[in-house]
Amino acid sequence: MAKQINLIIDGMPVTVDEGTTILQAAKKLNIHIPTLCYHDDLCVAGNCRVCVVEMKGSRTLPASCATPVAEGMEIYTNTIKVRTARKHIIDLLLSEHNARCTTCYKNGNCELQDLASEYKISEPMFIDLVPYKNYQVDAFSPSIIKDDSKCIRCQRCVRTCEELQHVSALGVAYKGDKMKISTFFENPMFEVVCTNCGQCVNRCPTGALIERNYVDEVWQAIFDPEKHVVVQTAPAVRVALGEDLGLQPGEIVTGKMVTVLKRLGFDSVLDTDFAADLTIMEEGFELLGRLKKALVDNDPNVKLPIATSCSPAWIKFIEHTYPEYLDNLSTCKSPQQMFGALAKTYYAQKRKLDPAKIVSVSIMPCTAKKFEADRPEMRSSGFKDVDYVLTTRELAVMIKQAGIDFGSLPESHYDSIMGVSSGAGVIFGATGGVMEAALRTAYEVVTGREVPFNGLNITPVRGMEGVREAAIKIEGTKPEWSFLEGVELKTVVAHGLTNAKKVMDAVRDGKGKWHFIEIMACPGGCIGGGGQPIPTNEEIRRKRAEAIYREDAGMPIRKSHENPEIIAVYKEFLHEPNSHKSHELLHTHYKARQRY
Amino acid sequence: MSSNFLRRVDLIFDKDCDFKQVLQSAYKRNNDEIINELLESGLKGRGGAGFPTALKWKFTSEQPESEKYVVCNADEGEPGTFKDREILFQVPLKVFGGMAICAKVIGAKEGFLYLRGEYRFLLNELQRQLDIFHAILDDLKIAFRVKVVMGSGAYICGEESALFESMEGDRGEPRNKPPYPTVSGFRKKPTVINNVETLVYAFMIFRYGAHKFKELGTADSRGSKVFSISGDTPKPGIYELELGMTVDQFVQEFGDGDTKAVQVGGASGFCVPRKKFKDTIIGFEGVPTGGSMMLFNSSRSMYNVLHNYLEFFEEESCGQCTPCRVGCQQLKLGIEAVKRGDKHANYLDQLQKLAQTMKITAKCGLGQSVANSFFSIVENFKEEMIY
């Protein structure tokens, strides 16, 4: 047990572990100290100074987020000295900030706005500095818009990009009054190593970093009588959307979400989970194919381990950082893009629609999906496979704009075709889910038996550890897969690009002897995606993940290869996994990019 | 020197010093003796903050880690200060000697001298002196090495924790304290970081003994100090003077007969107006200084002086913390607006309150000390601010 420290905060004694900060100790006493640069997921910066408190015997007011407790400390969190200082600091931030809140995308969800309201900032105390600044908006990226005029220099984005993602696309440039958050050579985000993961957007307290929104474009399409608008919803959206609409983290809103999408006017409400099941078929057989080449044909050119390719931010990360390993990536498109390619081919044929008149919209927990949909490779239907990508947050905006009371909506089912999915498709939304779904199918294909885990729950690949290894021994194979008899299939799962780097470095250094790697760019997987409701922290992500696994457990079908619509699409259209047609529509290639 | 009041001392520039012998005898003593001698001398840090040097060494020596460092802060950036440059030019061996004694006490194998970017011209000679120093160490079988690390011209890197960040190859931004450098400094290891002048004095204390140092100065400000004297003075330059004089004594010696104010301690220091010359002692009991003494005569606009300092701070703030980054801009624009008449004179009161907030909430000494010059100039020269 850690050494115990006794201190007094606002006259109340409290005992905490050594190393606890004043902020954390105050929280234990239910004392709220305002913060801006502090974030649960990040290292302490102590640079906004909003959380200052008075400490007996100290000339200065220490930042409570950055100051560890000490024995006998006496802290006052609400004195006139503290209030004056905090008000000054908030006023200073406002003087540097483009405070045209009414036209700000983050209006109503801004920590600076909340603080200004809490401290009843009325007349600006200081001179407006905005006219003195040459603030720029970087709106070149299809995913993320960066508006320096809204930036309060808390550096949460910088820490996110460096600590969680090991990307460091964002950094601090210049000093003094010219200090700003910028990129390599101040290039647009679009041209640097930014993976579009949007984790910075999730942690930006103001409107300085936001997703590029396509809400108006989608409304236009919905109300265009010529257009047939199909919408797909990613697995992780259904366990988080409620948070933006007044519900608690971890509530499953699948049925309500389907109802609301129909009410909004989408012509067909379909499920990305269907495409996730399809991904399992394609990727599972790709894995087995590569294993066969390696073990039976002794093909020296076969690339193992094979790495998942569902996460577009991970794809861009590997393209920049480990381009020599691009051939190790599964050639499978992500579920979003598989869906998109089928929507304007298979779906169009079945529904007898002109693909030119189909508008394909996806609701994603992700900002990188916007970039992915824009990639030139993603036009295999002959059109742009996915026209518009909306984040979970943007969908919430549309629901609010439509004046719908989400909480009171009845539940309904997805439309068909491409609306049926299995539990394996659902768990794509959490880290480890693709691995688990793939193992459920691959093991059964090879042995004819279910994976040897209680209730199909492959718990070793679940959880929030950054890197998780698991091995599964293949025994009792069917004759055609006998070359896998006795093979121990080694897998590793990582989430957050900093953890991805650890895995890739281990592969590069020959230390990681795995067959199959699952990587999701965001902490917790897609449930912690850059397009999910704000705020985020580990507790919220855990609740969303638990909801994902509850949803899986409640599904009648738990394995991708048992999804009847999957069986149908192969029978009617694709013929078999990794067929020529599959390769045309469902597989892709990657592009080496520069390190800077 | 002609003054009756000021004692010019020549402790540190004295070249008649058997460097090797001083080092050898210091190395023969045990660590407690060394710390006690230093404690006895009353030596306080010469960078301006005035922390007792002996305690810094003692705290670091008590840390259990095996990897420790001694760093010489030669990032002399305070406006009006140029004495470290002269020390490094004249008596670099004594600086290294101070580092070597400190290294013995704390158990460091490596030392670094962080040299101000603008002092690159000293580098070649310093390297040559280092070779001589290392040869002497080898001769005495002392396992210690010093490397020079170049700064890049940022004022903030004189702040000790920003200096470590810079040395580690990162952006020079101050760290949160605690932990202090004695616990977690360079490479997060216990580190003694001393100003150039402090290290020389430490070395000289082991040459002459604590008593000789202690004889000089006052109870709160022992010893002598090297001053960089500039501005409206007939004899600008570098002088080693006994501590404890009043500003009045100083002005009588260095003024041009028309001195209206002395800025003690550079842009981050205090402005002493004529009416307070007699009552103000230069030292830790009055106005502390890292050595910068700027004299202004009646031809100078104190508004311009303050504006110049604020421009300096606005640019040299690292930009990390709100009070310093935005506060400096507001103070500068604020006095401009009052001067132009766009803001009422009582806006100065608002700015003074802001300066007070900066003094108690800024993350490091830079932001905290902007208030020093702001208060002392605005309060004493209010009419110059307004009209």
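A few notes on this one:
- Some residue of region A:243-252 being part of a strand (DSSP E or B) and not assigned by TED's automatic domain parsing to the domain that holds A:TYR322: no
- Answer residue from region B:362-387, given it is touching a Phe, Trp or Tyr at 6+ places or on another chain (Cβ under 6 Å) and either at pLDDT below 95 or surrounded by 19 or more Cβ atoms within 10 Å (Cβ to Cβ) (or both) and is nearest to B:ASN176 (Cα to Cα) among those: B:VAL370
- Pairs with Cβ under 8 Å, 6+ apart, first in region A:152-172 and outside the structural domain of A:SER141 (by TED's automatic domain parsing), second in a loop (DSSP other than H, G, I, E, B) and surrounded by fewer than 20 Cβ atoms within 10 Å (Cβ to Cβ): none
- Some residue of region A:483-490 being in a helix (DSSP H, G or I), touching a strand residue (DSSP E or B) at 6+ places or on another chain (Cβ under 9 Å) and crowded, with 19+ Cβ neighbours inside 10 Å: no
- Only residues that are in contact with a helix residue (DSSP H, G or I) (Cβ under 7 Å, 6 or more places away or on another chain) and either aromatic (Phe, Trp, Tyr) or away from every other protein chain (no Cβ under 12 Å) (or both) were counted in region B:148-165, giving 8.
- For region B:289-320, a residue qualifies if it is within 14 Å of chain A (Cβ to nearest Cβ) and touching a residue at least 40 places away in the same chain (Cβ under 8 Å), and the qualifying residues are B:TYR309, B:LEU310, B:PHE312, B:PHE313, B:GLU316, B:SER317, B:CYS318, B:GLN320.
- Selection status of B:LEU331, more than 22 Å from A:ALA45 (Cβ to Cβ), touching a Lys or Arg at 6+ places or on another chain (Cβ under 8 Å) and more than 7 Å from every other protein chain (Cβ to nearest Cβ): no
- If you go through region A:133-163 and keep only what is within 13 Å of chain B (Cβ to nearest Cβ), in a loop (DSSP other than H, G, I, E, B) and within 23 Å of the chain's Cα centre (by Cα), you end up with A:CYS151, A:CYS154, A:GLN155.
- Just one of the listed residues (B:GLU315, B:GLU285, B:GLU311) is modelled with pLDDT of 95 or more, within 25 Å of B:THR361 (Cα to Cα), surrounded by fewer than 24 Cβ atoms within 10 Å (Cβ to Cβ) and in contact with a Gly (Cβ under 9 Å, 6 or more places away or on another chain), namely B:GLU315.
- Of the numbered criteria (1) crowded, with 24+ Cβ neighbours inside 10 Å; (2) under 28 Å from A:VAL158 (Cα atoms), the one B:LYS359 fails is (1).
- Taking the criterion of being more than 19 Å from the chain's Cα centre (by Cα), buried (at least 24 other Cβ atoms within 10 Å of the Cβ) and in a helix (DSSP H, G or I), the only residue of region A:185-241 that qualifies is A:VAL218.
- Tally, over region B:334-350, of residues that are closer than 22 Å to A:ARG86 by Cβ and either in contact (Cβ under 8 Å) with a residue 60 or more places away in the chain or at the interface with another protein chain (Cβ under 9 Å from one of its Cβ atoms) (or both): 2
- Screening region B:148-246 for strands (runs of 3 or more DSSP E) wholly inside it with 1 or more residues that are touching a strand residue (DSSP E or B) at 6+ places or on another chain (Cβ under 8 Å) and under 29 Å from B:PRO64 (Cβ atoms) returns the ranges B:191-195.
- Look at (1) crowded, with 24+ Cβ neighbours inside 10 Å; (2) within 24 Å of B:PHE51 (Cβ to Cβ) and you find that B:VAL262 fails only one, number (2).
- On inspection, A:GLN248 does not qualify as within 17 Å of A:GLU551 (Cβ to Cβ) and buried (at least 23 other Cβ atoms within 10 Å of the Cβ).
- Filter result (more than 10 Å from chain A (Cβ to nearest Cβ) and in contact with a helix residue (DSSP H, G or I) (Cβ under 8 Å, 6 or more places away or on another chain)) within region B:367-378: B:SER369, B:VAL370, B:ALA371, B:ASN372, B:SER373, B:PHE374, B:PHE375, B:ILE377, B:VAL378
- Being out of contact with any Pro (no Cβ under 6 Å at 6 or more places or on another chain), touching a residue at least 12 places away in the same chain (Cβ under 8 Å), within 27 Å of A:ALA85 (Cβ to Cβ) and more than 13 Å from chain A (Cβ to nearest Cβ) is a property that B:CYS324 lacks.
- A single member of A:TYR570, A:TYR549, A:TYR596 is within 28 Å of A:GLU469 (Cα to Cα) and aromatic (Phe, Trp, Tyr), and it is A:TYR549.
- Residues that are free of Cβ contacts under 8 Å to residues at least 40 places away in the same chain, hydrophobic (A, V, I, L, M, F, W, C) and over 26 Å from B:GLY185 (Cα atoms) within region B:124-166 comprise B:ILE132, B:ALA135, listed in sequence order.
- Within region B:131-182, the set of residues being of a type in the set (A, V, I, L, M) and under 24 Å from the mean Cα position of the chain (by Cα) comprises B:VAL146, B:VAL148, B:VAL149, B:MET150, B:ALA154, B:ILE156, B:ALA162, B:LEU163, B:MET167.
- Only one entry in A:VAL389, A:VAL397 is within 23 Å of the chain's Cα centre (by Cα), part of a helix (DSSP H, G or I), in the same structural domain as A:LYS262 (by TED's automatic domain parsing) and under 23 Å from A:CYS522 (Cβ atoms), namely A:VAL397.
- Number of residues in region A:348-370 that are in a helix (DSSP H, G or I) and buried (at least 24 other Cβ atoms within 10 Å of the Cβ): the value is 3.
- The single condition among (1) more than 14 Å from chain A (Cβ to nearest Cβ); (2) without any contact (Cβ under 8 Å) to a residue 24 or more places away in the chain; (3) in contact with a Pro (Cβ under 9 Å, 6 or more places away or on another chain) that B:ILE360 does not meet is (1).
- When region A:291-337 is filtered for residues that are charged (D, E, K, R), in contact (Cβ under 8 Å) with a residue 60 or more places away in the chain and part of a loop (DSSP other than H, G, I, E, B), only A:LYS333 remains.
The values are calculated or read from the model by the stated rules, or taken from the named source; none is laboratory data. Fair warning: this is a prediction, and the values are worked out from it, not measured in the lab. We place every Cβ from the backbone using ideal geometry, glycine too, and count neighbours over all the protein chains shown.
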